Amino acid sequence: VALEDLRRTWETLGREDPLWAVLSNPNKRNNRWDPEEFFRTGEADIADLLDDLDRHGLQINRGRCLDFGCGVGRLTQALCGYFERVDGIDIAQSMVDRARQLNRHGERCQYHLNVRNDLALFEDATFDFVYSVIVLQHMAPEYAEAYIGEFVRVLVPAGIAVFQVPSRFIGPQALPEPGHQAELRLAAPGVLPRLAAGSPCVLTIEVKNTSPVQWRSSALLTVGNHWLDDQGRMISFDDGRIAIAGELNPGELSVVELPIRAPMRGGRYTIEVDMVEEGVAWFATKGSPTLAIPVEVDPPPRATVPLRKIRDLTGRVRRRFADAGPQPGPFEMHALPRESVVGAVESGGGEVCAVEECDVSGPGWENYRYFVRRRAR
Ligand SMILES: C[S@@+](CC[C@H](N)C(=O)[O-])C[C@H]1O[C@@H](n2cnc3c(N)ncnc32)[C@H](O)[C@@H]1O
């Protein structure tokens, strides 16, 4: 994908669901992240990162830091707790705008838009530390390789960069066939209340693994739902999501709380509940039965929803319907072989001090975190 297409994709994601686009926890989709909880994940990640640097015996000066692909500043804000000045850069204006709104560190934290395939925005030897996670994996490898060279260029001599990028795709799915078979039940049938239009509600769903395959925690398995109207037409594809925690052997049950949201208009509907192997398939496409729950939705009281909001919501439903397809997950994924990473670091004047496996790219990817030092002149 050309950089301009990449920019457009992130621009849209940053406008529509920025926190979920940054941290795609399936049950936080549709603006369900609590910002406090979201930023706490960044604080925990950066605290772990500093421990990891210590563990590798890598010393960093706490002067200037660059967060490449900062999104809304989840990690940038946490890095401000450790560095005098932190710069976050991102390819999407919508992300940068949101990051600026959420900045709690005043002038010490600066966010920049950068739509170039280099870091010409910064001179050589500007930063003591460069950090980037969940970014390089979403772009064509030639861009990732070029940015890695740039990370080294903008580091001061003996400065440190840490970044993550998958090295190869191992398998299309973590769940082997015929693993996509489930039985879904409403745990407390008959107690589903009438729903008010547009209101949130939680369904308690019992999930049984009816396949002969163990569901391993390495396969990202979730429960999700669609909404059908009284004619059986799909009006909202992909509404709520909740992950299934841990492993489930054939025949075993798990209970999940699925957060859903009622349609904006009153009427009779069917909630269709299904399972998903994220990034791979809805179980229904593999022949697994879905759970259909008929519900009555009460119309909203007149004139309580502003006209502008109704227009927004109608647009959103239309867009989501247009996007509906059997393969969930909007993000492109790419890998950069380990030898190419080492080559890019060394030709930029750096050395790879440590490499660790990590799992942020999800099932199916061999993925590494690199600890890099710029050679002292
Ligand atoms: C999944 S988010 C991760 C954000 C952040 N690193 C975090 O972990 O909270 C990826 C971010 O990288 C940004 N991005 C993608 N390609 C980029 C590029 N070429 N240059 C700068 N930012 C980019 C996207 O706009 C998006 O905000």
Relative frequency of Cα-Cα separations exceeding 34 Å in the chain, percent: 35
The chain: relative contact order as a whole-number percent, Cα under 8 Å and 6+ apart: 17
Charge dipole magnitude, Cβ of K and R +1, D and E -1 - the range 334-377, Cα centre, debye nearest 20: 380
log₁₀ of I(q)/I(0) at q = 0.13, 0.16, 0.17 Å⁻¹ - the range 171-302, Debye sum with one point per alpha carbon: -0.53, -0.77, -0.85
Within the range 176-301, percent of DSSP bridges classed antiparallel, to nearest 5: 95
Gain on full stretching of the segment that runs from residue 245 to residue 354 - 0.36 nm per residue minus C-alpha separation: 36.1 nm
Distance-filtered residues of the range 219-262 - backbone nitrogen under 13 Å, label point 7 angstrom along residue 16 Cα→Cβ: 237-239
Kirkwood Rh (inverse of mean 1/r, distinct Cα pairs), the range 97-139, angstrom: 12.9
Lys, Arg +1 and Asp, Glu -1 on Cβ, resulting dipole of the range 61-157 about Cα centre, debye, nearest 20: 440
Computed label-point distance, nm, for sites residue 168 and residue 230 using a 7 Å Cα→Cβ extension: 5.7
Sparse-neighbour loop sites [chymotrypsin sites (Phe, Trp or Tyr not before Pro); the range 53-110; at most 15 other C-beta within 10 Å; DSSP]: 82
Debye, to nearest 20: dipole size of the chain, +1 on Lys, Arg Cβ, -1 on Asp, Glu Cβ: 1200
Extended-chain gain in nm, criterion 0.36 nm per residue less alpha-carbon gap, residue 43 and residue 214: 58.1 nm
Lys/Arg +1, Asp/Glu -1 at C-beta; the chain dipole; positive extreme among 188, 166, 6: 188
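Computed from the coordinates by the stated procedures, all read-outs in this text should not be read as laboratory data. Predicted model only: the values in this text are computed from it and were never measured. With ideal geometry, Cβ positions are generated from the backbone for all residues, glycine too; neighbour counts draw on all protein chains shown.
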